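The values are calculated or read from the model by the stated rules, or taken from the named source; none is laboratory data. The model shown is predicted, which means the values in this text are computed figures rather than measured ones. Note: ideal-geometry Cβ built from the backbone for every residue, glycine included; neighbour counts use all protein chains shown. Side chains are part of the model used for accessible areas, which takes the heavy atoms of the whole protein and leaves out ligands, DNA and RNA. Shrake-Rupley method; radii C 1.70, N 1.55, O 1.52, S 1.80 Å.
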Amino acid sequence: MTSTHQTNEPDLKPHIVIVDDDEAMRMALSQWLELSDFDVTVYEDAREALRDINPSFTGVILTDVKMPKLDGITFTRSILSADPDIPVILMTGHGDVPMAVEAMKSGAYDFVEKPFEPKDIVESLERAIEKRRLVIENRNLRRQISNRGSLDSRLIGNSPPMRALKDEIANIAPTEVPVLISGETGTGKELVARAIHDLSDRRDEKFVAVNCAAIPENTAESELFGHEKGSFTGAVVQRIGWIEHAIGGTLFLDEISSMPLALQAKLLRVIEQREVVRVGSNAPVKVDFRLICASNEDLTEAVAARNFREDLLFRINTFELAIAPLRDRKEDVALLFDIFAERAAERFERPYERVTPALTGQLKSHEWSGNVRELKNMAERYVLLVGSPEERFKRLFKGGFDTTGSASNDLALADQLRDFEERIIRDALDRHDGNVKSVMEELDIPRRTLNEKMKKLNIRRGKSV
């Protein structure tokens, strides 16, 4: 393979691959196409080109038909079997035209007949490049939609802060930059970190979560960096640390503000040098991992208080994701409660009765200082309690949601409405001797709605006593 344009930067020019065993033709075409502002790679052997081209290829292939070892038609079929949307343009002699036409019926993009001027194929190449660009854009769009679908199932909520967070995750996940997730306790920082990992190129490797606040200070160095056998009392075997364990995958350091300053300095060296030295060893081990950190404290304030290293903060917050507290996205509360309660009902094998609109309003009035974690706990307790939804809410929140008593008043109003609804249905049943059809007609409600209300209010057919 010979490349006439090699760079580590992303391709900015349309990319053309030329495959031809004729050196003079290869050189003439590549020089002309470069002058036409194409990025060109040339191959003498179609087999080499076949090894290098995959569905992520963003350009167009220009290949001769008559070639030794692997002819252009077979080469084209192999390319199209890997990705039928890669444009292949065939260069043919006069006698090869019927063969090229058949190749086009099988998916080849176009053919040009020799002899030709290089400028004659530029227009065809430009159309093919545009087609490939649209294909790649559509694939990326479908991937983003798929990613968003995955995010919607993981990160529940449609409020503006949650939609913005999902957009940021979908955007940053495929990159390798370190991410700092900030948010109050219970907002779901680890859930966000896992979503980033699962949408990244490292998704098939390990996700290693370490709670820095839960590691005893006297063993923290060994936990993170590992140790050699005999390096200290109690080190009876070699231990691989969490950092080394995360090689190839993602390392998530939760509550990183709890890490001792001495350990912060060693972590900074690992990040900069991409190598770790176990306790009791002098041999560095190369490590490759994606770093995601999280904190419920303001690390800028921690730096000002000299509890956190400023240089480490610069290293870990290339991109910062801030998770809004639940009180700032009240639109998500009802949906979250409903989903958590439904899941709990399935897990505990309990019936689930959805909360009424009045109770939904009361859920939104709560401050949720414990954020999503508190809401999930409350939804599970709701499922395990007995009684009507209103009765369960009274027990959950001990008669009120705030010190003003407004939520308690709402509950009292809900009780009055429930009693009023029960009396209307019972009276109608009495008047019609338990005939449900007549009651439906009088109250103008569907049978299913009436049945559900009777079940909820524990009303049986027949006259009330």
Whole-Å distance linking the alpha carbon centroid of the stretch 31-102 with that of the stretch 323-370 is 58
Order by accessible surface, 1.4 Å probe, largest leading, for residues ARG315, ARG278 comes to ARG315, ARG278
Note, the stretch 350-355: 3J(HN,Hα) by Karplus (6.51, -1.76, 1.60, θ = phi - 60°), whole Hz, Gly/Pro = x, goes 10, x, 10, 10, 4, 6
Beyond 32 Å, the calculated P(r) of the chain holds a percent of Cα-Cα pairs equal to 63
Measuring from its Cα centre, the chain shows a charge dipole (+1 at each Lys and Arg Cβ, -1 at each Asp and Glu Cβ) which, in debye to the nearest 20, is 2440
Lys and Arg at +1, Asp and Glu at -1: neighbours of GLU223 with Cβ under 13 Å from its Cβ sum to 0
Mean accessible area per residue over the chain (1.4 angstrom probe, all protein chains present, square angstrom) is 53
Among PRO351, LEU199, TRP242, the residue whose Cα sits farthest towards the positive end of the charge dipole of the chain (+1 at Cβ of Lys and Arg, -1 at Cβ of Asp and Glu, taken about the Cα centre) is PRO351
Rounded to the nearest 10 Å², the accessible area of ASP430 using a 1.4 Å probe with every protein chain kept is 40
So the carbon and sulfur contribution to the accessible area of the chain, 1.4 Å probe, in percent, is 50
Along the dipole axis of the stretch 258-411 (charges at Cβ: +1 for Lys and Arg, -1 for Asp and Glu; origin at the Cα centre), the most positive-end residue among VAL372, PHE340, ALA302 is ALA302
Note to self, the chain gives a 222 nm [θ] from helices alone (DSSP H runs n ≥ 4, -39500 (n - 2.57) apiece, / all residues, nearest 500) of -15000 deg cm²/dmol
Inter-part gap, Cα centre of the stretch 213-284 to Cα centre of the stretch 436-450, in whole angstrom, is 69
Counting only DSSP beta bridges with both partners in the chain, the antiparallel fraction in percent, to the nearest 5, comes to 15
